[in-house]
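The values are calculated or read from the model by the stated rules, or taken from the named source; none is laboratory data. Not measured: the values here are computed from a predicted model. All Cβ positions, glycine included, derive from the backbone under ideal geometry; neighbour counts span all protein chains shown.
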Amino acid sequence: MSSVATIKSNIIPPHLEVKGGCPLNGVLKVSGAKNSSLALMAASLLTKEKLLIKNVPQLTDIEVMSEILRNLGAKLTKTNNSIEINSESIHNVELPYQLVHSLRASFFCVGPLLTRLGEAKIPLPGGCNIGARPVDEHINGLKALGAEVEVINDVVKAQVSTKDKRLRGANITLKYPSVGATETILMASCLALGKTTISNPAREPEIQDLAKMLNSMGAKVFGAGTKRITILGVDSLSGTSHFVIPDRIEAGTFLIAAAITRSPLIIGPVIPNHLSAVISKLKECGCLISQHGEHHLKIIPREISGVDITTSPFPGFPTDLQAPFMSLMATAKGSSKIKERVFEKRMQHVLELNKMGACIYQENNTAYIKGVKELVGSNVEGGDLRSSAAIILACLSAKGNSIFTGLEHLDRGYEKLEEKLTNAGSIISRNFDQPTSQRSISNKIISEDNINTQKNAA
Ligand code: EPZ
């Protein structure tokens, strides 16, 4: 076992130790959608009645959003993957800097706060590892609905100055089909006076899931998922109970995990047309994918060949699966080209994949990949949520063992990942203890190795 991870210094943060080359088998379970849950939780601010959201994944991002809602005065009761939110007595219109800066989705609260309390004050969420991520489309949308919005010292101050403190319906056209801006305008216009139309909105499944819940609260939202959404404002919204859609990005990550380890797998629950662009690219590169029962997909990878992808808004190829797909292309036969067209800084994984022996040349937001026979286990680090997932997939397929650091990113978007992978045959463990030297790490992995071999032999 030559290619064991090298450790530069003796101290490494909590990490994952991954044994490469283990085939996966059985079923990989998909949790509820993070990006839908975050918007649905913000929408709870629109009603004085209780809202029960079920199938919510247990993630650090959900924890932060819960903290934000509590901070505004909402009461939350959690049981496993269900959250009951009571926003009857919200009183605070200001969101604290720390919380906002650790979660961009906190900006989803502005629309509901404004329309519910007539005022909202939130620090600009600022950029993150994947791009500048401005909120101009959110702000322009709220202004179109009649809000006065100003940004002073990086704090967005928004208020409704109409006598009845109600926003007014408007015809809004987005320059770019932004997911967040569509969700902000959608939520703010539900209680506005009159009709709102959103042209060139985002069409992601998370938008459709939000519209479905809002309508079950008594809103009148039409056309979510199409190129034009119409909202007829109502006077108030009631409570409801809503089951979150499966996480298409987690499901896509698992389909790619099957392909990169060349393992036949069953994945679900999943809604196939939430992933049609990804499924067609996986078929194009050599996988057989079929419906398995009502809510699952079966994937049988064959020889994987290089294919080109360009990310774009739904129903195009999702930017959140660009990194995992690049890991697959790194060991595909032949060459491929990957263009990232949604975020301007989303190729951090290239460096780490090349560290594992990949052959990827990056020019601006395009990566040129020459497939190699195999990757080699290494000491690797995730710089954001999806590049972390990509690196884990690479470690699963690599020859030898790897040490992955960057759990603070991974835990934002993947619920119990190592548990799910272990149940499907991976040898992957989370470690908090500080190995003192390379020797002890390799010993540790080897000893674990022996244990598992013995276990499997058993
Ligand atoms: C959502 O982010 C998701 N996050 C992202 O998932 C996902 O990558 C993204 O949509 C695209 O699918 C959540 O739902 C919480 P956008 P969001 O507004 O809403 C520009 C993950 O890994 N833009 O559609 O922030 C922006 O800079 C995360 O789970 C403006 O210019 O995405 C970007 O280039 C990462 N002005 C592009 O649009 C605006 O006002 C897409 O952003 C808003 C956006």
>> Residues to consider are LYS54, LYS50; find the one that is farther than 30 Å from ASN423 by Cβ, surrounded by fewer than 24 Cβ atoms within 10 Å (Cβ to Cβ) and in contact with a strand residue (DSSP E or B) (Cβ under 7 Å, 6 or more places away or on another chain).
In response: LYS50
> Could you say whether any residue in region 180-195 is of a type in the set (A, V, I, L, M), modelled with pLDDT of 95 or more, over 21 Å from GLY233 (Cβ atoms) and surrounded by 20 or more Cβ atoms within 10 Å (Cβ to Cβ)?
Replying inline: no
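Which of the residues spanning region 155-169 are away from the ligand (no atom under 16 Å from the Cβ), farther than 21 Å from SER199 by Cβ and not in a loop (DSSP other than H, G, I, E, B)? Give the derivation first.
Keep residues of region 155-169 that are away from the ligand (no atom under 16 Å from the Cβ), which gives 155, 157, 159-169.
Filter once more, keeping what is farther than 21 Å from SER199 by Cβ: 155, 157, 159-166.
Hits for region 155-169 are VAL155, LYS157, GLN159, VAL160.
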> Which one of SER290, SER263, SER280 is in contact (Cβ under 8 Å) with a residue 24 or more places away in the chain and of a type in the set (S, T, N, Q)?
Replying inline: SER263
> Between a first residue in region 145-169 that is at positive phi and a second residue that is surrounded by fewer than 18 Cβ atoms within 10 Å (Cβ to Cβ) and among the hydroxyl-bearing types (Ser, Thr, Tyr), which pairs have beta carbons less than 8 Å apart while being 6 or more apart in sequence or on different chains?
Replying inline: GLY146/THR162
> Which strands (runs of 3 or more DSSP E) sit wholly inside region 236-332 and have at least 2 residues that are within 25 Å of ILE360 (Cβ to Cβ)?
Replying inline: 296-301
> Looking at this structure, is LEU145 more than 16 Å from the ligand (Cβ to nearest atom), buried (at least 23 other Cβ atoms within 10 Å of the Cβ) and more than 20 Å from LEU40 (Cα to Cα)?
Replying inline: no
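Conditions (1) within 13 Å of the ligand (Cβ to nearest atom); (2) under 20 Å from the mean Cα position of the chain (by Cα); (3) among the small types (Gly, Ala, Ser), marked per residue:
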| position | (1), (2), (3) |
| --- | --- |
| LYS195 | no, no, no |
| GLU206 | yes, yes, no |
| GLY233 | no, no, yes |
| PRO246 | no, yes, no |
> Among strands (runs of 3 or more DSSP E) lying entirely in region 337-440, which contain 2 or more residues that are buried (at least 18 other Cβ atoms within 10 Å of the Cβ)?
Replying inline: 366-370, 379-381, 401-405, 427-431
>> Tell me the residue from ILE130, ILE152, ILE172 that is within 13 Å of the ligand (Cβ to nearest atom) and over 26 Å from the mean Cα position of the chain (by Cα), please.
In response: ILE172
> Somewhere in region 311-323, is a residue away from the ligand (no atom under 16 Å from the Cβ), touching a strand residue (DSSP E or B) at 6+ places or on another chain (Cβ under 9 Å) and touching a residue at least 12 places away in the same chain (Cβ under 8 Å)?
Replying inline: no
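Residues of region 16-36 being of a type in the set (A, V, I, L, M) and away from the ligand (no atom under 14 Å from the Cβ), which ones? Give the derivation first.
Here is the first cut: in region 16-36, the residues of a type in the set (A, V, I, L, M) are 16, 18, 24, 27-28, 30, 33.
Those that are of a type in the set (A, V, I, L, M) and away from the ligand (no atom under 14 Å from the Cβ): LEU16, VAL18, LEU24, VAL27, LEU28, VAL30.
Can you find a residue in region 178-190 that is of a type in the set (A, V, I, L, M, F, W, C), more than 16 Å from the ligand (Cβ to nearest atom) and touching a residue at least 40 places away in the same chain (Cβ under 8 Å)? Walk me through it before giving the result.
Keep residues of region 178-190 that are of a type in the set (A, V, I, L, M, F, W, C), which gives 179, 181, 185-188, 190.
Now drop any that are not more than 16 Å from the ligand (Cβ to nearest atom), which leaves 190.
Next, only the ones that are touching a residue at least 40 places away in the same chain (Cβ under 8 Å) stay: 190.
Yes, region 178-190 contains at least one residue that is of a type in the set (A, V, I, L, M, F, W, C), more than 16 Å from the ligand (Cβ to nearest atom) and touching a residue at least 40 places away in the same chain (Cβ under 8 Å).
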> Are there any pairs, at least 6 apart or on different chains, whose C-beta atoms fall under 8 Å, with the first in region 369-391 and under 13 Å from ALA330 (Cβ atoms) and the second part of a helix (DSSP H, G or I) and hydroxyl-bearing (Ser, Thr, Tyr), and if so, which?
Replying inline: GLU374/SER397; LEU375/SER397; ALA390/SER327; ILE391/SER327
>> Among the listed residues LEU76, LEU46, LEU51, identify the single one that is in contact with a Cys (Cβ under 7 Å, 6 or more places away or on another chain), away from the ligand (no atom under 16 Å from the Cβ) and under 17 Å from MET213 (Cβ atoms).
In response: LEU46
> Hey, which of the strands (runs of 3 or more DSSP E) in region 33-122, taking only ones fully inside, have at least 2 residues that are within 20 Å of PRO205 (Cα to Cα) and touching a residue at least 24 places away in the same chain (Cβ under 8 Å)?
Replying inline: 50-54
